[in-house]
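Visitor: Please find one structure pasted underneath; my questions will follow.
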């Protein structure tokens, strides 16, 4: 859980950094070139397979963990310990993960299947003689629908809470027990989840409100 | 603090034996002194039940000084009741007000089956200790002081981990019924001291294997165990246990 989690956290850094190119306000030129670079090079393609394998493993591990743990208390309590003992999101990782997975289905359908296979809603654009997908245009047209924007923001919020617990928990699982590092990693974890949530959630919002051109 | 008397309603889990389904029963108790301990209040209730010709409530207790780890009541949604760093026997009735309803449940975990009423079978903890929570040396006579230098920080952390009284509140509080805080305290306490060194790897491997066999859940680092522990065992011990387990798993000969 911890190892695959950290692997997926690293992916988020790359994904957020690359997508932040939309705010260059150059009608998507920088972003399209970056997306083209990722799509045309061999290394990112190989990493993409690793990414799907890591994601699948993370889901399988999570499901098995949740199912096994749920069976360890046959009779529940009449009064639950609740939030006075632990944070609600640390107890809801399975639920948050499921919401993220549902969001991912829509997200992959919107962009990944279109760019890789179907080309639905996707046009080509030419920069200095190089033909490439206009992913910026696809984002722009996708985020004209309010419900899509709302689902994306909810997906990002779930991801934020998932990370708020997952980031520091992953390192504990891997055996980091130094108290100084614990403090550092939990602060980093909270900071990371807030930044990731803001960066990703602002993308659909920026398009919807016409902040990027 | 000013002394006062109170009348309470105690809602207790009653279960005849491990195969009985069990249910809650509510009992009124009168004139309870705020100076009483929670267990004394249950004693008063039991006297009352005996006079009424009813079966008294079975519950675990021994030292009533907060050091043996026998008392095990889940009171108003928290193991050992509302106070922090406290055992049930050291919980005093001044924690409650006149007219309160107090809900008392046994520890709930498949690895801690209910024997009767509020008593649960915690022998799974004994078997985990038997799997490796010891050092196999003939200790002989007491050695001279300072003949074995130990770093102060390590000694302090080992003593802090050794504070664990094995009451099982961590399991009762955990949403996964995980025994990781208990196990991590036992493993840390020996791993931090030179005497624990020779069996360090086999100890952690065997104790974790026994814990899984007993049917405890896996840790997801929610922190409920640390929040409820009467001896304030730190969750950092769980990370140390993971570290010990990973290292032993990679380097152990068998």
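What follows is calculated from the coordinates using simple rules that are stated; it is not laboratory data. Since this is a predicted model, take the numbers as computed values, not measurements. Here the Cβ is made from the backbone with ideal geometry for all residues, glycine too, and neighbour counts use every protein chain on show.
Visitor: In whole angstrom, note down how far apart the Cα centers of the stretch A:137-174 and the stretch B:143-179 are.
Guide: Rounded to whole Å, the Cα centres lie 40 Å apart.
Visitor: Follow-up question, since we're still on this one. For the modelled label position 7 Å from the Cα of residue A:60 along Cα-to-Cβ, which residues of the stretch A:170-200 have backbone nitrogen atoms closer than 14 Å?
Guide: No residues fall inside that zone.
Visitor: Relative to the longest principal axis of chain B, what angle (0 to 90°, nearest 10) does the C-alpha long axis of helix B:180-191 take?
Guide: 40 degrees
Visitor: When a/c is below 1.5 the answer is rounded, else prolate if a/b is larger than b/c, else oblate, so apply that to chain B with a ≥ b ≥ c taken from the square roots of the Cα gyration tensor eigenvalues. Each step should come with its number before you reach the end.
Guide: On the way: a/c = 2.43, a/b = 1.87, b/c = 1.30.
Prolate.
Visitor: May I pose another question? Using helices alone, I'd like the mean residue ellipticity at 222 nm for chain A: each DSSP H run of four-plus residues gives -39500 (n - 2.57), total over residue count, nearest 500.
Guide: After summing the helix terms and dividing by the residues of chain A, the value is -23000 deg cm²/dmol.
Visitor: How compact and how long is the stretch A:6-62, expressed as Rg and Dmax of its alpha-carbon atoms in Å?
Guide: Radius of gyration, then largest Cα-Cα span, for the stretch A:6-62: 13.4, 42 Å.
Visitor: I need the calculated FRET efficiency for the pair residue B:98 and residue A:68, taking r as the beta carbon distance and R₀ as 35 Å, to the nearest 0.05.
Guide: The formula returns an efficiency of 0.20 here.
Visitor: Once you sort the root eigenvalues of the Cα gyration tensor of the protein assembly as shown as a ≥ b ≥ c, which label holds: rounded (a/c under 1.5), prolate (a/b larger than b/c) or oblate (the other case)?
Guide: On the way: a/c = 2.78, a/b = 1.78, b/c = 1.56.
Because a/c hits 1.5 or more and a/b exceeds b/c, the protein assembly as shown counts as prolate.
Visitor: Under a point spin-label approximation (7 Å from Cα along Cα-to-Cβ), what is the residue A:101-residue A:180 distance to one decimal in nm?
Guide: Once both label points are built, they end up 4.1 nm from each other.
Visitor: Pop a pseudo-label 7 angstrom from the Cα along the beta-carbon direction at both residue A:122 and residue A:11 and give the gap in nm to one decimal.
Guide: So the two model labels end up 1.8 nm from each other.
Visitor: I would also like to ask the following. Spin-label point model (7 Å from Cα, Cβ direction): what's the residue B:202 to residue B:232 distance in nm?
Guide: So the two model labels end up 3.7 nm from each other.
Visitor: How many percent of the alpha carbon pairs in the stretch A:124-201 exceed a separation of 17 Å? Let's see the in-between values first.
Guide: Working: 1847 of 3003 pairs.
The calculated P(r) of the stretch A:124-201 puts 62 percent of pairs beyond 17 Å.
Visitor: For chain B, modelled as a Gaussian network with Cα springs under 10 Å, which listed residue fluctuates most, B:178, B:136, B:123?
Guide: Of the options given, B:136 has the highest mean-square fluctuation.
Visitor: Report D for the stretch B:46-90 in µm² per second (integer): Stokes-Einstein, Kirkwood Rh on Cα pairs, 25 °C, 0.890 mPa s. If you can, show how the numbers build up before the last one.
Guide: Working: Rh = 11.7 Å.
Using the Kirkwood radius from Cα pairs, D works out to 209 µm²/s.
Visitor: Please determine, in degrees from 0 to 90 and to the nearest 10, the orientation of helix A:179-208 with respect to the longest principal axis defined by the Cα atoms of chain A, where the helix direction is its Cα long axis.
Guide: 40 degrees
Visitor: Give the average, rounded to an integer, of partner chain Cβ atoms located within 10 angstrom of each Cβ in B:175-181.
Guide: On the way: counts 11, 9, 6, 2, 1, 0, 0.
That works out to 4 on average.
Visitor: Turning to a different aspect of this structure: If you wrap a convex hull around the alpha carbons of the stretch B:5-116, what volume per residue comes out, as a whole number of Å³? Working shown, then result.
Guide: Details: hull volume 11.5 nm³, N = 112.
Cα convex hull per residue, to the nearest whole number: 103 Å³.
Visitor: Using Cα centres only, tell me the gap between the stretch B:1-35 and the stretch B:84-109 in whole Å.
Guide: Cα centroid to Cα centroid, the span is 10 Å.
Visitor: Separate question: Can you tell me how the stretch B:123-251 classifies by the Cα gyration tensor, rounded, prolate or oblate, using a/c under 1.5 as the rounded cut? The partial results should precede the final answer.
Guide: Details: a/c = 1.82, a/b = 1.50, b/c = 1.21.
Taking the square roots of the gyration eigenvalues as a ≥ b ≥ c, the stretch B:123-251 is prolate.
Visitor: How much of the DSSP beta bridge set in chain B is antiparallel, as a percent to the nearest 5? Please list the in-between numbers first.
Guide: On the way: 17 of 22 bridges.
So the antiparallel bridges in chain B amount to around 75 percent.
Visitor: Please order B:200, B:240 by the number of other Cβ within 10 Å, starting at the fewest.
Guide: Fewest to most other Cβ atoms nearby, the residues stand as B:200, B:240.
Visitor: Before rounding to the nearest 500, sum -39500 (n - 2.57) across all DSSP H runs of length at least 4 in chain B and divide by the residue total; then give [θ] at 222 nm in deg cm²/dmol.
Guide: Values: 8 runs with 85 residues, N = 254.
-10000 deg cm²/dmol, from helical runs alone.
Visitor: Round to a whole angstrom and tell me the spacing of the C-alpha centers of the stretch B:40-71 and the stretch A:23-43.
Guide: 72 Å
Visitor: For peptide B:218-230, what's the mean number of Cβ atoms from other chains within 10 Å of each residue's Cβ?
Guide: Details: counts 8, 5, 15, 12, 12, 7, 9, 2, 2, 4, 4, 0, 0.
Partner Cβ neighbours, averaged per residue: 6.
Visitor: Does anyone have the angle between helix A:29-40 and the longest principal axis of chain A? Alpha-carbon axes, 0 to 90°, nearest 10?
Guide: Taking the Cα atoms of chain A, the angle to A:29-40 is about 70 degrees.
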